[in-house]
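Every number here is computed from the coordinates shown, using simple stated rules; none is lab data. Note that the structure is a prediction, hence the values are computed from the model and not measured. Quick reminder, even Gly has a Cβ in these numbers, built from the backbone with ideal geometry, and neighbours come from all protein chains shown.
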Amino acid sequence: MPVDRFLRLAIPTMFAGIAIGLLYAVFSATSDGSNRDRIARLAIGEFVKLDFSDRGADAPSAPFADAEGDLTTYQDFEGQALVVNFWATYCAPCIHEMPTLAALQTSRGGEDFKVITISVDIPEVREDAEAMLRELSGGALDFYALADGPQGWDVVYESGATGGFPTTVLYNKAGTKIAKLEGIADWAGYEAVALVDALREN
């Protein structure tokens, strides 16, 4: 019958179409053309918590202070991918995490990458915070803090680091936000190094 003949042709054709669609999806996900999302694909292990919701936003221009008290902004690090960590001396997870950030700076820091750690401590304890950072990082990390005055927290808010500390924000070399991570992570581990290598190439 014509209907039987139609079904005998239609069913194998349908399955063939499904198989081709699946093969195309697998090929697309593994081909070089998908490398634009390479950083997201490297969000494994502890880094599955990376939040990409603000990806593509420009780095804020809100200032923060260096160890001498001079104001600086993310734009002063043009051409460098950045891992920006907000921390405090009263934050035990921050203290535990800091040596791994120092190790990352030591292994990958250079003209195209920098770890920036910004203390959110009150001005009265900044000397203690700087001394603590020097000890925890073995001198590998430069000290930065919030700018004085009521606008000092703008860099925190505008970076999206409003979920507590530590919070770490990733920017590519073009000054574009890639992701943020709330909570502690091992920044010396192979997952972090692979992530940062991809960030430097992004």
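Quick look at the values:
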quantity	calculated
In segment 157-167, the residues that are buried (at least 20 other Cβ atoms within 10 Å of the Cβ) and either within 12 Å of residue 64 (Cα to Cα) or among the small types (Gly, Ala, Ser) (or both)	159, 161
Whichever residue in segment 171-185 is part of a loop (DSSP other than H, G, I, E, B) and surrounded by fewer than 17 Cβ atoms within 10 Å (Cβ to Cβ) and, among such residues, is nearest to the chain's Cα centre (by Cα)	183
Candidates 175, 189, 183, 152, filtered to the one that is within 21 Å of residue 107 (Cα to Cα) and of a type outside the set (Ser, Thr, Tyr)	189
